[in-house]
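Where a number appears in this text, it was derived from the coordinates with a stated rule and is not lab data. These numbers come from a predicted model, not from an experiment. Here the Cβ positions follow ideal geometry from the backbone for every residue, glycine too, while neighbour counts run over all protein chains shown.
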Amino acid sequence: MNLLSFVIGKAHAETFYEQYGSALLPGWSGSGGAAEFAAHVITIISEVIGGAAVIMLLWGALKIAASGGNDEGRTQGKNIIIAALVGVALALISYVAVLFVQTFVISVTG
């Protein structure tokens with residue numbers, strides 16, 4: 001089974017892949033194609049989330065530093081940092097979940 005069989009029926013997937021698949025999905029054929037694709041997508045998403053988390057942490061730290069002793073500014077900065085850390089934790093949990101599903105799919109189809 002390849003990635004195309006998820007999109008179209010299995011009977012037509014092989015014929016379609018023979019004609020067009022190698023051009024459309026190079027390197028993502030075979031039983032692990034969907035799992036490889038999911039791992040590639042989650043890697044890109046993880047990089048974006050990591051970059052956003054760094055920016056949010058810096059923004060929260062600057063908010064605290066610029067508060068000048070103002071309790072409201074420190075509270076806002078602290079809340080920004082907490083939200084960034086919660087976002088990173090959720091991203092890590094989702095990454096582990098995708099790896100678990102990927103391992104399961106490869107073990108069942110491989």
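Worth a mention:
- Couplings for region 69-83, taken from phi via the Karplus curve 6.51 cos²θ - 1.76 cosθ + 1.60 with θ = phi - 60°, read x, 6, 5, 5, x, 5, 5, 4, x, 5, 5, 5, 5, 5, 5 Hz in order; Gly and Pro are left as x.
- The distance between label points at Val96 and Ile55 comes to 2.7 nm (points 7 Å beyond Cα on the Cα→Cβ vector).
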